[in-house]
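This report concerns only the one structure given below.
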Amino acid sequence: MSKRIYNFSAGPACLPEPVLKQAQKDLWDIMGSGIGILEHSHRGKVFDRITAETEASCRAITNIPDDYAVFWMQGGATSQCYFVPANFLTPDRTADYFETGKWAQDSIKEVPLYGKLNVCGSSKDKNFSYIPTGSQVSYSDNPAYVQFTANNTIMGTEFQTEPDAPGDAFLVSDASSNIFSRPIDVTKFGLIYAGAQKNLGPSGITLLIARKDLIEKPVRELPQMMQFGNHAKKEGRFNTPNTFGVYLMGEVFKWILAEGGLDAMRDRNEAKAAVLYDFLDAQDFFIPHAEKASRSTMNITFKCPTPELDAAFIEGAEKKGLDGLTGHRQIQGMRASMYNAFPKAGAEALVAHMKDFAREHAAAAKA
Ligand SMILES: Cc1ncc(COP(=O)(O)O)c(C=O)c1O
């Protein structure tokens, strides 16, 4: 079998090896049915079982109560930018949004199509290097909901805890890049959505965990496909779903449970992130992007003193089997994405490269 390298990609990203190995088998024949997973009807008995198991494992990971629906949709997390205000925002209320990076801005852009927007906190003044808290947050008088991006994949910042929504407003979280990376109490949220391609599986499927009373009926007339309730009632099968995505998410959920659940994921992710952050804090060659109090355990962003050195760093990393470190074009530099399935040895290999590189180039950078 060919060799695998350390994949720091921000998403689609590396997946648990036991899951990939199981998928190889199930592509040929799943559950002894004589038919591979890609070939089963989404209305057949085998897929009924896969749907039920995927939902049950997801619920088991974080004790999701019965008054919450668990389902999945297509169109990426990006489609949720318009689904959310279309389904939830009434003309008499405001939608409050945290502006903490590109993904938050994409959501913010869609709100005026449906109603009133209030940006309740923004870190645009410092190129999204922090999460607004305390006096930096100002809610509107009567928000229907408060939306935030739990982890800012591009910037490398993360809400350390969820914000407190005022009054009867509910919280909406875009948790695409940190879902199930640490314990989460879903009862604090009205809706959590997450594109699967970082911590949960392949691209092309989005997990939703929603309070049932909120999605029963949209607040306005909407096409059938745009109503959350239809997707929930039909168990993510309102139309033909990404069947492979449902299956693979289910396998990743089982893997999370087998590895010890969300406490184990948190311990592992904190240990991995500490390898990089401890090194970054103890040196003065690389320049971290995120402020310390807002740092992400999933995406770690930093730069060399010049863009030329960034390019040389990435080239050298690739030669050592460290792939996917190029930062997003919005902030450039480097980004090391280390989701649940990423091994600690990869973080150690990256730090070893950083040490070598700093030693080699420190004098030139200072000259
Ligand atoms: C936090 C966050 N939200 C939304 C998206 C957009 O996801 P998609 O491309 O699946 O629509 C991404 C993609 O990386 C993301 O990281």
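Taken together, the values in this text are just the output of simple stated rules run on the coordinates, not laboratory data. It should be emphasised that the depicted structure is a prediction, and the values quoted were computed from it without experimental measurement. FYI the Cβ positions are ideal-geometry reconstructions off the backbone, even for glycines, and counts take in every protein chain you see.
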Seminar exercise, completed: Taking first residues from segment 36-50 that are surrounded by fewer than 14 Cβ atoms within 10 Å (Cβ to Cβ) and second residues anywhere that are of a type in the set (S, T, N, Q), the pairs with Cβ under 8 Å that are 6 or more apart or on different chains are 38/243
For this session: Give segment 176-189 a look and list any residue that's touching a strand residue (DSSP E or B) at 6+ places or on another chain (Cβ under 6 Å) and crowded, with 24+ Cβ neighbours inside 10 Å, or say none.
Result: 176, 177, 178, 179
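Yes or no: residue 276 more than 15 Å from residue 157 (Cα to Cα), among the aliphatic types (A, V, I, L, M) and in contact with a helix residue (DSSP H, G or I) (Cβ under 9 Å, 6 or more places away or on another chain)?
Details: more than 15 Å from residue 157 (Cα to Cα): no; among the aliphatic types (A, V, I, L, M): yes; in contact with a helix residue (DSSP H, G or I) (Cβ under 9 Å, 6 or more places away or on another chain): yes.
Here the answer is no, as residue 276 does not meet what is asked.
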Problem set entry | Failed criterion for residue 147 (all others in (1) buried (at least 21 other Cβ atoms within 10 Å of the Cβ); (2) under 23 Å from residue 7 (Cα atoms) hold) | (2)
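For residues that are part of a loop (DSSP other than H, G, I, E, B) and of a type in the set (S, T, N, Q), scanning just segment 1-32, find the one that is surrounded by the most Cβ atoms within 10 Å (Cβ to Cβ). Talk me through it step by step, then tell me what you get.
Residues of segment 1-32 part of a loop (DSSP other than H, G, I, E, B): 1-5, 8-16, 29-32.
Imposing the further condition that a residue be of a type in the set (S, T, N, Q) reduces the set to 2, 9.
Details: 2: 4, 9: 17.
The selected residue is 9.
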Problem set entry | helices (runs of 4 or more DSSP H) lying entirely in segment 238-344 (those with 3 or more residues that are within 22 Å of the chain's Cα centre (by Cα)) | 243-258, 261-281
Problem set entry | Among residues of segment 33-80, those that are under 24 Å from residue 176 (Cβ atoms), away from the ligand (no atom under 16 Å from the Cβ), of a type outside the set (A, V, I, L, M, F, W, C) and not in a loop (DSSP other than H, G, I, E, B), counted | 8
Seminar exercise, completed: When segment 286-312 is checked residue by residue, the ones that are hydrophobic (A, V, I, L, M, F, W, C) and either without any contact (Cβ under 8 Å) to a residue 12 or more places away in the chain or surrounded by fewer than 19 Cβ atoms within 10 Å (Cβ to Cβ) (or both) are 287, 293, 311, 312
Exercise. Does residue 113 satisfy the criteria of being under 19 Å from residue 246 (Cβ atoms) and surrounded by fewer than 19 Cβ atoms within 10 Å (Cβ to Cβ)?
Worked result: no
For this session: Identify the single condition in (1) buried (at least 17 other Cβ atoms within 10 Å of the Cβ); (2) not in a loop (DSSP other than H, G, I, E, B) that residue 130 does not satisfy, given that it satisfies every other one.
Result: (2)
Exercise. Applying the selection to segment 84-127, what residues are of a type outside the set (Gly, Ala, Ser), assigned to a helix (DSSP H, G or I) and within 16 Å of the ligand (Cβ to nearest atom)?
Worked result: 84, 85, 102, 103, 105, 106, 108, 109, 110, 111
